[in-house]
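The values are calculated or read from the model by the stated rules, or taken from the named source; none is laboratory data. The shown structure was predicted, so the numbers you read here are calculated from the model rather than taken from an experiment. Cβ placement follows ideal geometry from the backbone for every residue including glycine, while neighbour counts extend to all protein chains displayed.
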2 protein chains.
Amino acid sequence: MKVFVQGMGLMGASLALRLKELGHEVAGSVRSEGSRKLLKSRGLPEVILAGEFAPEHLIGTDLLVLGLNISDCLPAIDAAMAIPELRESLVVIDMCSTKQQICDHVAQHHPQARFVGTHPMAGKETQGPGAADALLFENCTVYITPAVSNSDRLIQDTAMVAEFWRSVGARTCTIGALDHDRTMAYVSHGLHLAACLIARMSGEAAGSPDTPSPAAGSYRDMTRIAMSSGAMWQDIVMSNRENVVHWLKQLSSETNLLAEVLESGKADIVSLFSDAATARARVMRT
Amino acid sequence: MKVFVQGMGLMGASLALRLKELGHEVAGSVRSEGSRKLLKSRGLPEVILAGEFAPEHLIGTDLLVLGLNISDCLPAIDAAMAIPELRESLVVIDMCSTKQQICDHVAQHHPQARFVGTHPMAGKETQGPGAADALLFENCTVYITPAVSNSDRLIQDTAMVAEFWRSVGARTCTIGALDHDRTMAYVSHGLHLAACLIARMSGEAAGSPDTPSPAAGSYRDMTRIAMSSGAMWQDIVMSNRENVVHWLKQLSSETNLLAEVLESGKADIVSLFSDAATARARVMRT
């Protein structure tokens, strides 16, 4: 298969490395000359600079993988779909963390596009092609959000895309875009914001730089994801704003309630811990 | 040195194993016969059951290490200090996560006690002597809260206790009990409760048990500490209630504020992420 990965950050570059191993013909684009050289040295010579890219390059490509932030994905799809030949021949997938916005955009503006929304749950706090790993998708969950459509071709494309993700080691799960985005607020997007608020608050208790750090494993783990890319998360959060706002308000209310219960002296933290463990086990499937 | 570790859970048993390696004479008490056998098999034959323990056993011991929850520490100190000989000869330390309550108790009821409050930042979500590791305290921070006292002997005891912790690999830091407890709310106690609330909320989005888990690394890390012992945390939180309540209210308010900013559409998550990273670096000393 001939694949073009437009935007080779952590996920795009990791996917390209794995596809190359599997014998596919892989090309792609990156933002900087440094990234281009780095990926060339890792066995991906067909990488060009984003500035040199034109959608015409995609003619003859079977699959376009968008490795861009969501706000860059939308114009990238628009540009590709402006070329009649590509509307017919090119299957397009994205890897964004939210699905409603991009699926809506395609349904509204490119109803004939062979687009399938996908979301590999493989993010890390490390970024860029330097952190790429051909095994990144091994056993990771990839959500696939099929378009609401009566097109047989799109059903076949969806099946092909699911098989594609399984071929690089992932487990796939089809889900509606709305359900997906709501779930993500509860297991990922909200958590990133909470980690940031908690980390920012902790600055008040940092203490003197001359003393040992008060951070133990719990602090390190709970605030690790606050080190993610703010620009990427700005995009993610704004494209899942409604669910994230709902989650934040729920956390605010539960946090306040717990404070009141603790103040009253009638706290039962034991049941909070056991309820939390039960819910976590359900989410983790353990 | 002759050491008795009263309460050999994760921390107590880990410390006992290390002290044995260093050539000290180590005895201690555990709650169950299973734990007693386990520790015997790991080279600690002098372990008795808590039910067989009497404070008279401590006569001739140089250092009593309390490995109990804070609510059990207070009566344990009372019992030991009821024996005049021990008031003279026995240095007592605890390992509780809060320091104000226990230091206040000793200052009020046992002003002559040779007690030094200590808090090794070495907790884990695993519990019990089965998880014990002689290297648990390697490079961990141990807070030491000296009593407010004009006793030369207590000053010497404090220095001895600091040296004791450094001998098992820890870095020590003296701090006032109030400062300690406030700091802990911001880097540990509040975080444990937030992790529980977030994990409990996530149950709403767990999805079907037949589908792959929606949990990625961020979820696993952020909710890991929700798996800690609820009983232990009930104790910790209630003994640091004022600071924890303050922290929870602050998080509630910041979470609500962020929700409002996101709703208004004028969100700047980028600066939230950069402020969080800066604060985290200060806390981590990186």
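I'd like to check something: does the stretch A:17-33 contain any residue that is over 24 Å from residue A:167 (Cβ atoms) and either surrounded by 15 or more Cβ atoms within 10 Å (Cβ to Cβ) or hydroxyl-bearing (Ser, Thr, Tyr) (or both)?
Checked against the condition, which is being over 24 Å from residue A:167 (Cβ atoms) and either surrounded by 15 or more Cβ atoms within 10 Å (Cβ to Cβ) or hydroxyl-bearing (Ser, Thr, Tyr) (or both), the stretch A:17-33 yields at least one hit.
Scan the stretch B:61-75 and report the pairs whose first residue is assigned to a strand (DSSP E or B) and whose second residue is charged (D, E, K, R), with Cβ atoms within less than 9 Å and a gap of 6+ or a chain change.
B:63/B:2; B:65/B:94; B:66/B:72; B:66/B:94
Spot the failing condition for residue A:55; the list is (1) out of contact with any helix residue (DSSP H, G or I) (no Cβ under 6 Å at 6 or more places or on another chain); (2) modelled with pLDDT of 95 or more, and only one is missed.
(1)
All but one of (1) at positive phi; (2) under 14 Å from the mean Cα position of the chain (by Cα) hold for residue B:169; which doesn't?
(2)
Please determine, by comparing only the residues of the stretch A:251-286 that are touching a Pro at 6+ places or on another chain (Cβ under 8 Å) and surrounded by fewer than 22 Cβ atoms within 10 Å (Cβ to Cβ), which one is nearest to residue B:229 (Cα to Cα).
It comes out as A:282.
Okay, residues lined up against (1) of a type outside the set (S, T, N, Q); (2) under 25 Å from residue B:234 (Cα atoms); (3) out of contact with any Cys (no Cβ under 8 Å at 6 or more places or on another chain):
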site	(1), (2), (3)
A:221	yes, yes, yes
A:226	yes, no, no
A:237	yes, no, yes
A:242	yes, no, yes
A:250	no, yes, yes
A:260	yes, yes, yes
A:266	yes, yes, yes
A:273	yes, yes, no
A:279	yes, yes, yes
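Pairs needed: first member in the stretch B:27-50, farther than 15 Å from residue B:132 by Cα; second member anywhere, in a strand (DSSP E or B); C-beta distance under 6 Å; at least 6 residues apart or different chains.
B:27/B:4; B:46/B:27; B:48/B:29; B:50/B:29
Quick grid of which residues meet (1) assigned by TED's automatic domain parsing to the domain that holds residue B:195; (2) modelled with pLDDT of 95 or more; (3) under 21 Å from residue B:200 (Cα atoms):
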| position | (1), (2), (3) |
| --- | --- |
| B:228 | yes, no, yes |
| B:233 | yes, no, yes |
| B:242 | yes, yes, no |
| B:247 | yes, yes, yes |
| B:259 | yes, yes, yes |
| B:266 | yes, no, no |
| B:270 | yes, no, no |
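So, restricting to strands (runs of 3 or more DSSP E) that lie completely within the stretch B:85-162, which ones have at least 3 residues that are within 14 Å of chain A (Cβ to nearest Cβ)?
B:114-120, B:141-145
Can you tell me which residue in the stretch B:42-73 is nearest to residue B:32 (Cα to Cα), limited to those that are among the charged types (D, E, K, R) and in contact with a strand residue (DSSP E or B) (Cβ under 9 Å, 6 or more places away or on another chain)?
Step by step, filter the stretch B:42-73, then rank; the result is B:52.
Of everything in the stretch B:163-175, what is touching a residue at least 12 places away in the same chain (Cβ under 8 Å) and either part of a loop (DSSP other than H, G, I, E, B) or within 14 Å of chain A (Cβ to nearest Cβ) (or both)? Give them in sequence order.
B:165, B:168, B:169, B:170, B:171, B:172, B:173, B:174, B:175
For every residue, the table says whether it meets (1) over 17 Å from residue B:1 (Cβ atoms); (2) touching a residue at least 24 places away in the same chain (Cβ under 8 Å); (3) buried (at least 22 other Cβ atoms within 10 Å of the Cβ).
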{"position": "B:83", "(1), (2), (3)": "yes, yes, no"}
{"position": "B:90", "(1), (2), (3)": "no, yes, yes"}
{"position": "B:94", "(1), (2), (3)": "yes, yes, yes"}
{"position": "B:100", "(1), (2), (3)": "yes, yes, no"}
{"position": "B:106", "(1), (2), (3)": "yes, yes, yes"}
{"position": "B:109", "(1), (2), (3)": "yes, yes, no"}
{"position": "B:117", "(1), (2), (3)": "yes, yes, yes"}
{"position": "B:130", "(1), (2), (3)": "yes, yes, no"}
{"position": "B:133", "(1), (2), (3)": "yes, yes, no"}
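Looking only at the stretch B:228-243, which residues are in contact with an Asp or Glu (Cβ under 9 Å, 6 or more places away or on another chain) and either surrounded by fewer than 20 Cβ atoms within 10 Å (Cβ to Cβ) or of a type outside the set (Gly, Ala, Ser) (or both)?
Listed by number, the residues that qualify are B:229, B:234, B:235, B:240, B:241, B:242, B:243.
Out of the stretch B:6-20, which residues are touching a Gly at 6+ places or on another chain (Cβ under 9 Å) and either in a helix (DSSP H, G or I) or outside the structural domain of residue B:90 (by TED's automatic domain parsing) (or both)?
If the condition is that a residue be touching a Gly at 6+ places or on another chain (Cβ under 9 Å) and either in a helix (DSSP H, G or I) or outside the structural domain of residue B:90 (by TED's automatic domain parsing) (or both), then B:10, B:11, B:12, B:13, B:15, B:16, B:17, B:18, B:20 are the ones that fit.
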